[in-house]
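These notes concern the structure reproduced below.
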Amino acid sequence: MDKIKIIGGNKLNGKIYISGAKNAALPLVCASLLTKEPVTLKNVPALSDITFLNSLLNYMGLKISEKEEIYGGHITKTYTYQADEIKELIAPYDFVRKMRASYYVLGPVLARFHHVEFSLPGGCAIGARPMDIHLSSLEQMGAAIEIKNGYVIADAPQGLKGSHIIFSKASVGATCNILMAAVLAEGVTKIENAAKEPEIENLIDLLSAMGAKIFGRGTSILTIEGVKELHGATHAVIADRIEAGSYAIAAAITKGKIELINANPEHLQQPLRTLEKMGVTVEEKENSIIIDAQNKTIFGEDIYTDYYPGFPTDLQAQYMALMTVAEGASLVTESIWENRFMHVPELCRMGANINIHGHASAIIRGVKKLSGAPVMATDLRASFALVLAGLVAEGETIINRVYHLDRGYEHLEEKLKAVGANIERIKEPD
């Protein structure tokens, strides 16, 4: 199993290209199941999650072609998906266990083929993420759902019907799934308390290009008028706001200066304002963001994670890493996921002063320095928090279980090396 070795102490300076967003690409890929015609996606990140999802779709019968193209001045991947001959309506456990977001096949397959069998994905390291919102919403649309032997078996022999659905929480996954189900449902579907993330807007844009009728883009109330069929389209994945935020913190924690090429500042307003409050200079440009922490004193700042446009839970761990070496104390309150402080013991191994209170809050008191140590990655974003700590720590940090990083950060070592980090991947036999 690969490891990452970092020798800390280098200030990072230069430019980093921000890749396509993993959390946008996954539902976009599954939207290709809604039509017989080809769907072409540009700016798709080269990540293990995409590889796993492509394997599942290939098993189900999709034709998938891949090529490299220039997008935004950089070489990126373009995939074309064609679902004209689906042979399997089952998402088996062996695929789903590798990547929870495989559940995005649920809505489109049920909508188009009126039957789907899907292995329950279970929880993950950052807490249980039940599918009750997905399943109850599909039942409201007329689906008969049975859970048997660890599988969800959903049937809608007469097709799905439009319904008025009110989510109990603004779930991104459920919003994407029910959107994809509703576009081929008979009649009108209204979703209240829908999630508003940019990744959902990206999905709405693709579905609209395929012929869907969706109203309320960017709001918490979405209205979908079902159509009989959709057609193919070509569409680009938006830039990854979480990757951009992660590298912005890399500039701040090392007291460097990085321009984030292709990043969209509109998608990062809360994190950028937080960096400014901490003493970092932020310059927003049309297609990039400049983060300048050279000769700056970084001060602690409280954060409270919340649904978009609030502070993203997917940047909580990375900001906590920055706070470990900031002046003064900070309070982090995690309101989205339980058990999302698993990076705390590892940061403390490196000398951080963090106290957890209950399940939802942590107090961080800044220290003068961190020290390199062997640490263990527990989930995707926690992994990057350990990278950040390693970049500023004295000595050598070895990060184990870096397959988490490969799920969400494209070419991580190469991007950090290009701006001055002393980082390398240690290949080890499985």
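Overview of results
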| read-out | value |
| --- | --- |
| Helix-only CD estimate at 222 nm, as mean residue ellipticity for the chain, using -39500 (n - 2.57) per DSSP H run (n ≥ 4) | -8500 deg cm²/dmol |
| Selection of trypsin sites (Lys or Arg not before Pro), region 83-115, meeting DSSP coil and at most 10 other Cβ within 10 Å | Lys87 |
| Cubic angstrom per residue, convex hull over Cα atoms of the chain | 128 Å³ |
| Extended-chain gain in nm, criterion 0.36 nm per residue less alpha-carbon gap, Ser371 and Glu414 | 13.1 nm |
| Total formal charge among the other residues, if their Cβ is under 13 angstrom from that of Lys22, Lys/Arg +1 and Asp/Glu -1 | -3 |
| At R0 = 35 Å, FRET efficiency that the Cβ-Cβ distance of Asp302 and Asp132 yields, to 0.05 | 0.65 |
| Mean Cβ neighbour count within 10 Å, used as a protection proxy, ranking 243-252, 293-302, 310-319 highest first | 243-252, 310-319, 293-302 |
| Residues Glu276, Glu37, Glu85, sorted so that the one with the fewest Cβ neighbours within 10 Å comes first | Glu85, Glu276, Glu37 |
| Residues His74 and Arg401, FRET efficiency given R0 of 41 Å [Cβ-Cβ distance, rounded to 0.05] | 0.90 |
| 24 Å tail of the calculated P(r), region 22-236, as % of Cα pairs | 36 percent |
| Label-point separation in nm, Lys228 to Lys148, each point 7 Å along Cα→Cβ | 3.3 nm |
| Cα long-axis angle, helix 172-182 against the chain (0 to 90 degrees, to the nearest 10) | 20 degrees |
| Expected-Rg normalisation [2.2 N^0.38 Å, Cα atoms] applied to region 83-172 | 1.08 |
| Relative contact order %, the chain, counting alpha carbon pairs below 8 Å whose residues are six or more apart | 22 percent |
| Given Lys42/Lys196; Lys277/Lys427; Lys3/Lys169, the pairs whose alpha carbons are separated by over 29 Å | Lys277/Lys427; Lys3/Lys169 |
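All of the numbers you see were taken from the coordinates with simple rules; none came from a lab. Quick caveat: nothing in here was measured; it's all calculated off a predicted structure. Glycine gets a Cβ as well: all are built from the backbone with ideal geometry, and neighbour counts include every protein chain shown.
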